[in-house]
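Asks: For reference, the structure I am asking about is given below.
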Amino acid sequence: MLNRTITAEEFNALPDEVKAHYAKRGTKYVIDLSGTDPELETTQAELDKARRAKIDLEAQVRSLSEDAQQTEARVRKETEEKLTELTQQNEKLTTAQVNAEREKHIATIAGNFKTEGLIRSDLRDRVKVELVDGEVKTTFINKDGKEVDFKTLNEEYCKNPDY
C-alpha cells in the first residue's frame with residue numbers, strides 16, 4: 001500500500017516506477033494523483049455540506065441568543081416599571097390608611113366639643129399613627145408627652161374645664 005506522504009528515506013527505498021508517482025513538497029514526498037476519486041469527492045461534498053450546516057446553526061444560535069437577551073431586557077424593564085407602579089400605589093394606600101386611622105381617633109374625641117376645629121388642631125400633635133411591619137400602630141400622647149391609651153387621652157380632654 002502506498003502512503004500519501006513519505007519521508008526522503010522512504011522515497012529512496014521505493015522502486016523507480018513507484019517514485020514516478022510522488023512529487024517533492026518541502027522535505028517530504030507526496031503522492032501525485034491524476035484524475036478524480038469519486039469516494040473522495042463524495043466525502044468532500046459531505047464535509048462541505050456539514051460546514052454549511054454548522055455555519056447556519058451558529059447563525060441561528062447567535063440570533064436566538066440576541067432574541068433572548070432582548071426579551072430578557074424587555075421583561076426586566078416591564079417588571080421594574082410594574083414594581084415601581086405597585087410600590088407607589090402601596091405607598092398611597094398606606095398613607096390613606098394611616099391618615100384615616102388618625103382622623104378616626106381625632107374625630108371621636110373632638111366630636112364631644114362645640115369647638116371641634118380647635119380640638120382637632122390640638123389633637124393632631126397628640127395622636128400618632130404609623131405603619132410598623134405592615135401593621136397600623138396608633139400612639140396617644142398626654143399633655144405631659146407620655147404615651148397613654150385612647151380612653152385616657154379622651155378623658156383628659158373631656159375632664160379639662162378649659163375645653
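The values are calculated or read from the model by the stated rules, or taken from the named source; none is laboratory data. This one's a predicted model, so the numbers in the text were calculated from it and none came from an experiment. Quick reminder, even Gly has a Cβ in these numbers, built from the backbone with ideal geometry, and neighbours come from all protein chains shown. In case anyone asks, the SASA skips ligands and DNA or RNA and just uses the protein heavy atoms, side chains included. Shrake-Rupley method; radii C 1.70, N 1.55, O 1.52, S 1.80 Å.
Asks: Can you tell me which residue in segment 98-128 is nearest to Pro161 (Cα to Cα), limited to those that are of a type in the set (D, E, K, R) and open to solvent by 70 Å² or more (accessible area, probe 1.4 Å)?
Replies: Ranking the qualifying residues of segment 98-128, first place goes to Lys114.
To keep it simple, each residue is scored yes or no on (1) modelled with pLDDT under 85; (2) part of a helix (DSSP H, G or I); (3) polar (S, T, N, Q).
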{"position": "Ala100", "(1), (2), (3)": "no, yes, no"}
{"position": "Asn112", "(1), (2), (3)": "yes, no, yes"}
{"position": "Leu118", "(1), (2), (3)": "yes, yes, no"}
{"position": "Ser121", "(1), (2), (3)": "yes, yes, yes"}
{"position": "Lys128", "(1), (2), (3)": "no, no, no"}
{"position": "Val136", "(1), (2), (3)": "no, no, no"}
{"position": "Gly145", "(1), (2), (3)": "no, no, no"}
{"position": "Thr152", "(1), (2), (3)": "no, yes, yes"}
{"position": "Pro161", "(1), (2), (3)": "yes, no, no"}
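Asks: Could you tell me which residue of segment 132-154 is nearest to the chain's Cα centre (by Cα), considering only residues that are of a type outside the set (Lys, Arg) and open to solvent by 70 Å² or more (accessible area, probe 1.4 Å)?
Replies: Here the residue is Asp133.
Asks: Can you tell me which of (1) assigned to a helix (DSSP H, G or I); (2) among the aliphatic types (A, V, I, L, M); (3) open to solvent by 50 Å² or more (accessible area, probe 1.4 Å); (4) modelled with pLDDT under 90 is the one Ile55 doesn't meet?
Replies: Unmet for Ile55, out of (1) assigned to a helix (DSSP H, G or I); (2) among the aliphatic types (A, V, I, L, M); (3) open to solvent by 50 Å² or more (accessible area, probe 1.4 Å); (4) modelled with pLDDT under 90: (4).
Asks: Continuing with the same structure: Would you confirm whether or not segment 15-28 contains a residue that is in a helix (DSSP H, G or I) and open to solvent by 80 Å² or more (accessible area, probe 1.4 Å)?
Replies: The answer is yes, given that some residue of segment 15-28 is in a helix (DSSP H, G or I) and open to solvent by 80 Å² or more (accessible area, probe 1.4 Å).
Asks: Look at segment 1-14 and say how many of its residues are open to solvent by 100 Å² or more (accessible area, probe 1.4 Å) and in contact (Cβ under 8 Å) with a residue 24 or more places away in the chain.
Replies: The qualifying residues number 1.
Asks: Name the residues in segment 84-121 that are within 26 Å of Asp133 (Cβ to Cβ) and among the hydroxyl-bearing types (Ser, Thr, Tyr), would you?
Replies: Answer for segment 84-121, where residues must be within 26 Å of Asp133 (Cβ to Cβ) and among the hydroxyl-bearing types (Ser, Thr, Tyr): Thr84, Thr87, Thr94, Thr95, Thr108.
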